[in-house]
Amino acid sequence: MRTQPLTTGSDARARGTPVADWPDGELRNGELIGPWRAVARLGSGGTADVWYAVAADGRQAALKIARREVREHSAANLAIQREHDVLRRVVSPHLVAPYGLLECGGVAVLALEYLPHGDLVSMLGMPVRQWLPAFRVVIAALADLERHGLAHGDLQARNVLFAADGSARLTDLVYARPLDAPAVVTTAAYGLPPGNRASAREADRFALAVLLFELTTGRLPFGPAGAGAVGSAGLPALPLPDGPEAPLLQAAIAVLRAEGRIEGLSYFTDVIESVRGVYG
C-alpha cells in the first residue's frame with residue numbers, strides 16, 4: 001500500500017514549529033512538522049536536505065526541505081512545491097509517492113514515501129539479473145512522465161531508490177520540465193555535451209543510456225565530468241562482453257553516440273526484451 005492521507009498546509013501551521021524558531025534554522029531530531037516527527041537526516045543534495053520522519057500512528061515518511069543556505073531564495077521553495085505538483089499530477093507506481101506539501105513558517109516541506117533500501121548505485125557493475133528489474137522501472141517511470149508531457153531532468157543512479165519490498169522508484173522531480181524545453185545539464189556525469197540544442201526529452205534518453213552503460217560496465221562512459229568535458233565521441237574503447245549482456249551495452253553506446261536522438265523509449269524496452277529469455 002503506497003498511499004496515506006495527505007497533510008494540508010493548515011495542518012502544518014497548526015502543529016509544526018516555524019522554521020524561524022528552529023535552533024540556527026536547522027531541523028533537529030524530534031522537531032514536529034505537521035503529523036511528522038523528524039528522526040534523522042537521510043542525506044543532503046545541492047539544494048535540499050532529506051529527513052526520515054515518523055507519525056504518531058507509525059507511518060513513515062521522508063521530509064524534503066530546502067537547505068538553510070538557499071532557503072531565503074524563493075526559487076528553492078518553489079522547486080519543492082513544483083516537485084509536489086508534478087508527483088500529484090503524474091500518479092505512477094514507478095515514482096516516489098507524495099504524502100503532502102506542508103508549510104512551516106514560510107518554508108515548504110515535502111513529505112514523501114520513505115524508501116529505506118538504498119539506491120541503484122549499489123548495483124553498478126553487478127550481474128544483469130540483479131539490476132534489470134530496477135532499470136525496467138526507470139523506463140516505465142520516464143514513460144509515465146512523457147505521457148504527461150514531462151521529462152525528469154536529473155536521471156542518475158542516485159535518484160533510483162528501493163522500497164521496503166525491494167521494488168524501485170524514480171525520485172527527485174525537482175528539475176522536471178516540459179519535454180520540448182531546452183535540455184539543461186543538472187548532473188555533469190549524465191549530461192549531454194553542450195551546444196547541441198537538445199530537448200529535455202533527448203537529455204533524459206541520453207542520461208538513461210549513461211545509466212545503462214554504467215550498470216553494465218560499472219563505470220561512467222565519460223567519467224565524472226561527463227560528455228560536456230570530452231564530447232559524445234569520447235566514449236572509451238571497450239571490448240564488448242561475450243555474454244548475453246552485449247546487446248545492452250551496444251544499445252547504450254548507440255544512444256550515447258546519437259546524443260539521445262532516438263524514436264522513443266521503446267528502443268530501450270526492445271533491447272530489454274531481447275535479453276528477457278536469459279535474465280527473466
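Can you work out the FRET efficiency for the pair Ala55 and Ala75, with r the C-beta to C-beta distance and R0 = 41 Å, to the nearest 0.05?
On the way: r = 30 Å, r/R0 = 0.72.
Step by step, r from the Cβ atoms, then E = 0.85.
With θ set to phi - 60°, apply the Karplus curve 6.51 cos²θ - 1.76 cosθ + 1.60 along the range 152-160 and write out the HN-Hα couplings as whole Hz, x wherever there is a Gly or Pro. Working through the residues one at a time gives 5, x, 8, 6, 6, 4, 5, 9, 10 Hz. I want to make sure I understand the PRE zone here: with the label point 7 angstrom from the Cα of Leu235 toward its beta carbon, which residues in the range 118-150 have backbone N atoms less than 19 Å away? Backbone N within reach: 125. Electrostatic tally near Tyr175: other residues with Cβ closer than 12 Å to its Cβ, Lys and Arg +1, Asp and Glu -1, net -2. Measure out, as a whole number of angstrom, how far apart the alpha-carbon centroids of the range 79-114 and the range 133-152 sit. Answer, in whole Å: 17. Between Glu263 and Arg129, the distance separating the two model label sites (each 7 Å from Cα on the Cα→Cβ line) works out to 3.2 nm.
Quick note: the coordinates plus some simple rules give every number you see, no bench work behind them. Every value quoted in this text rests on a predicted model; they were computed, and no experiment measured them. Glycine also receives a Cβ, built like all others from the backbone with ideal geometry; neighbour counts cover every protein chain displayed.
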